[in-house]
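Visitor: Got a structure for you, questions after.
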Amino acid sequence: MRIKPLLFILVLSLCVSCRNTTNNSAQFVFPEADSIPVSEALKLSPEAIADISRNITSPVEIANLLQKLEVPFSQSYLASTIDANRQSTNFDKALKLGILGADLGYLNIYERTGSSLEILSSIRKLSEDIKVGQFFDFETIKTLSQNNSNLDSLLSLSINSYTRIDEYLRSNDRGHLSALMIIGVWIEAQYLATQVVSQYPDKVLSDRIAEQKIILNDLLLLLMPYCNRDNDFTALCRSLQEIKEKYRDVKITYSQGDPVSVEKNGGLSIIQTEKSFVEMTESQLEEIVNITKSVRNRLILNE
């Protein structure tokens, strides 16, 4: 089966080249620091946090890549062990809300409406438990999930729901739950991508996975203020650091590309592009695949 053109939450976190770079130099090399100072994380402005959220939750360029891969659907990729009724803390509920959002997108891409309705029910339960259910129009999403011709509308509605939840939580002093939801989306999308590349090797896809080194740095900045909040957050921070460690020797270099003319609103706009150059060995990719699987499985099992 050919992957459908609309990649929903599955690819929300797998776009790096769409990031808005603020580096004006001709070339930027990702820093190799072992850790991120807490002082730097605490200085993040609300605008910077919102920018991180948007960068992580933008289904852009990777969609065009995965469309070209003829990858069959695999039920085994899904976090089917998650039981919404057994998530006892807001930490688990917010994290699982993100994870299940990624799985819902994967199911909708393959038009598995029966299974997607089951996950939608879990999403409804979790979102209502953390008091954000008002941002989901569940009846409309359910109807669209059953009508494959409306995937465009389903994509827009679902992404809008997660975006509004993120904004609401951050503006109501519950940014820690927003961070968990975003991390849940990222870890599940990272897991799905690494599972695909391990079975269907593809150089461009492996490069996009390598570039998650930069997204991961943003995630750690987002999470750092909460790492000592309680044991759950401490363990999550440690898990993300485990993944970061496997990225240590992966090297990513960016350079300015040629300007591109894009038609917009009846006129032409000039967009400055950039190119990425990835240095990652097969053994490094294998380690990233393995640690992603290990961390993700621990999270869905509440271990």
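Computed from the coordinates by the stated procedures, all read-outs in this text should not be read as laboratory data. Since the structure is predicted, the reported quantities are computational estimates derived from the model, not experimental observations. Don't worry about glycine lacking a Cβ; one is built from the backbone with ideal geometry, like all the others, and counts go over all protein chains shown.
Visitor: Which order do K213, K142 fall in if you start with the one that has the fewest other Cβ atoms within 10 Å?
Guide: Ordered by Cβ neighbours within 10 Å, fewest first: K142, K213.
Visitor: Please report, in debye to the nearest 20, how large the charge dipole of region 178-303 is about its Cα centre when each Lys and Arg carries +1 at its beta carbon and each Asp and Glu carries -1 there.
Guide: Its charge dipole is roughly 160 debye.
Visitor: Pairwise over distinct Cα atoms, reciprocal of the mean inverse distance: report the Kirkwood radius of region 67-108 in Å, one decimal place.
Guide: About 11.7 Å, per the Kirkwood formula over Cα pairs.
Visitor: Limiting things to C-alpha atoms, what are the Rg and the maximum Cα-Cα separation (Dmax) for region 208-251, in angstroms?
Guide: Reported Rg and Dmax, both Å: 11.0, 33.
Visitor: Taking a quarter of the surface of the Cα convex hull of region 181-303, what do you get in nm²?
Guide: 9.8
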